[in-house]
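Input: a single structure, listed below in structure tokens.
The values are calculated or read from the model by the stated rules, or taken from the named source; none is laboratory data. The model shown is predicted, which means the values in this text are computed figures rather than measured ones. All Cβ positions, even for glycine, are placed from backbone atoms using ideal geometry, and neighbour counts span all protein chains on display.
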Amino acid sequence: MDRESRAAEVLRSFSGIRTAVILGTGLGVMEREIDIREAFSYAKIPGFPESTVTSHSGRLLAGTLGGKSVLVMSGRFHLYEGYSAEEVTLPIRVFKLLGVRNLLISNAAGGLRKDLEPGNIMLVTDHINFTGRNPLVGTNKDNLGPRFPDMTQPYSRRLSDLARKHAKEKSMELHEGVYVQVMGPSLETASETRMLQRMGADAVGMSTVMEVIQAVHCGMEVLAVSAITNSNDPDNYAPVSLETVIAHAEKAGPSIAELFRGVLSSL
Ligand code: HPA
């Protein structure tokens with residue numbers, strides 16, 4: 001049995017839950033908005049890597065948000081922890097085997113555009129994979145999806161429109177833009193920031209794109225929202241601390257939870 005099948009076997013009581021949510025750095029605060037029914041430490045799930053980042057708690061939760069059952073990853077795996085792209089995306093394949101169809105992703109990101117300020121939230125409309133990695137490298141898992149998955153529309157139009165509609169109804173400011181994933185863990189130099197801006201990226205982070213590629217391969221509908229935790233202006237560059245990132249992610253967390261709640265209630 002492969003890794004994802006073994007994990008899915010242990011989690012089989014969750015099969016039939018249609019939506020999974022990933023909480024990024026500092027966004028564990030969103031747990032408060034979820035009515036949690038069950039929690040599994042990642043260590044108890046066979047094949048799951050252990051989250052090595054202290055800012056992530058590393059638990060899979062089952063609960064309710066917006067009146068819908070959800071599976072929630074509180075803490076995710078990153079390439080910079082030394083995990084392969086395949087390991088980082090194992091939970092997505094497990095979700096697929098459990099019957100998940102919608103994936104709602106949150107992350108912490110640095111703003112690359114002047115109007116993106118710490119504490120803002122940004123709907124991800126497209127991405128740039130700048131990691132040099134891809135979770136689909138190797139023999140294709142034909143039971144999950146095709147060899148060359150299309151990426152013309154990785155982020156679901158339907159879910160994005162629901163997010164826009166809900167933001168409008170709640171008078172929430174929702175920016176939109178392109179997210180670029182870098183490998184990390186070092187942050188960007190001023191010159192790298194200029195390069196990312198010229199490439200067309202609006203926000204930069206160290207997660208999400210691997211997961212989205214795997215989810216699209218599996219045929220899931222994806223929604224992703226970034227908490228802007230710092231603004232990277234190469235002409236006025238200032239160091240960013242993890243504490244600042246977490247503080248601003250925590251500030252943005254309730255807005256992202258509200259957005260996800262609204263989307264879920266319309267599904
Ligand atoms: N760069 C990369 N990843 C990040 C940043 C950043 O500025 N902020 C939060 N995650």
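I'd like to know if segment 138-148 contains one or more residues that are among the aromatic types (Phe, Trp, Tyr) and surrounded by fewer than 20 Cβ atoms within 10 Å (Cβ to Cβ). Outline the logic, then answer.
Step one: list which residues in segment 138-148 are among the aromatic types (Phe, Trp, Tyr), which gives 148.
Still in the running and surrounded by fewer than 20 Cβ atoms within 10 Å (Cβ to Cβ): 148.
Yes, segment 138-148 contains a residue that is among the aromatic types (Phe, Trp, Tyr) and surrounded by fewer than 20 Cβ atoms within 10 Å (Cβ to Cβ).
Checking each residue in segment 157-190 for being over 19 Å from residue 201 (Cα atoms) and in a loop (DSSP other than H, G, I, E, B) picks out 170, 171, 172, 173. On the stretch given as segment 221-246, residues that are farther than 30 Å from residue 158 by Cβ and either more than 11 Å from the ligand (Cβ to nearest atom) or part of a loop (DSSP other than H, G, I, E, B) (or both) total 11. With respect to the stated conditions, residue 152 fails to be in a loop (DSSP other than H, G, I, E, B) and crowded, with 17+ Cβ neighbours inside 10 Å. Which residue is nearest to residue 183 (Cα to Cα), if the candidates are limited to segment 57-88 and must be among the aromatic types (Phe, Trp, Tyr) and surrounded by fewer than 21 Cβ atoms within 10 Å (Cβ to Cβ)? Here the answer is 80.
Considering only residues that are over 15 Å from the mean Cα position of the chain (by Cα) and near the ligand (Cβ under 9 Å from one of its atoms), which ones fall in segment 197-211? Hits for segment 197-211: nothing passes.
Scanning segment 193-210 for residues that are within 21 Å of residue 244 (Cα to Cα) and not in a loop (DSSP other than H, G, I, E, B) yields a total of 4. A Cβ distance below 8 Å, combined with a sequence gap of six or more or placement on separate chains, defines the contacts here; from segment 1-28, residues that are over 17 Å from residue 73 (Cβ atoms) reach residues that are of a type in the set (A, V, I, L, M) and loosely packed, with under 15 Cβ neighbours inside 10 Å in the pairs 9/1.
Quick one: in segment 211-220, which of the residues that are out of contact with any Ser or Thr (no Cβ under 7 Å at 6 or more places or on another chain) and part of a helix (DSSP H, G or I) is nearest to residue 17 (Cα to Cα)?
Selected residue: 215.
Of the residues making up segment 130-140, those that are without any contact (Cβ under 8 Å) to a residue 60 or more places away in the chain and either assigned to a helix (DSSP H, G or I) or not hydroxyl-bearing (Ser, Thr, Tyr) (or both) number 4.
Please state which one of 193, 229, 189 is loosely packed, with under 13 Cβ neighbours inside 10 Å and either out of contact with any Cys (no Cβ under 7 Å at 6 or more places or on another chain) or closer than 22 Å to residue 88 by Cα (or both). Steps first, answer last, please.
Numbers: 193 fails: loosely packed, with under 13 Cβ neighbours inside 10 Å; 229 fails: loosely packed, with under 13 Cβ neighbours inside 10 Å.
Only one candidate passes the filter, namely 189.
Within segment 90-99, identify whether any single residue is within 17 Å of the chain's Cα centre (by Cα) and either in a loop (DSSP other than H, G, I, E, B) or at pLDDT below 95 (or both), and answer yes or no.
no
Tell me, yes or no, whether segment 161-175 has at least one residue that is within 14 Å of the ligand (Cβ to nearest atom), touching a Lys or Arg at 6+ places or on another chain (Cβ under 8 Å) and not small (Gly, Ala, Ser). Give the derivation first.
Of all residues in segment 161-175, those within 14 Å of the ligand (Cβ to nearest atom) come to none.
No, segment 161-175 contains no residue that is within 14 Å of the ligand (Cβ to nearest atom), touching a Lys or Arg at 6+ places or on another chain (Cβ under 8 Å) and not small (Gly, Ala, Ser).
Screening residue 257 on (1) touching a residue at least 12 places away in the same chain (Cβ under 8 Å); (2) more than 10 Å from the ligand (Cβ to nearest atom); (3) out of contact with any helix residue (DSSP H, G or I) (no Cβ under 6 Å at 6 or more places or on another chain) shows it passes everything except condition (3). Pairing each residue of segment 94-110 that is over 21 Å from residue 257 (Cβ atoms) with any residue that is polar (S, T, N, Q) and part of a strand (DSSP E or B), provided the two are 6+ apart or on different chains, yields C-beta distances under 6 Å for 110/230. In the set (1) of a type outside the set (A, V, I, L, M, F, W, C); (2) away from the ligand (no atom under 14 Å from the Cβ); (3) surrounded by fewer than 22 Cβ atoms within 10 Å (Cβ to Cβ), the condition left unmet by residue 217 is number (3). Residue 249 versus (1) buried (at least 24 other Cβ atoms within 10 Å of the Cβ); (2) within 20 Å of residue 35 (Cβ to Cβ); (3) under 15 Å from the mean Cα position of the chain (by Cα): which is the lone unmet condition? All conditions are met except number (2).
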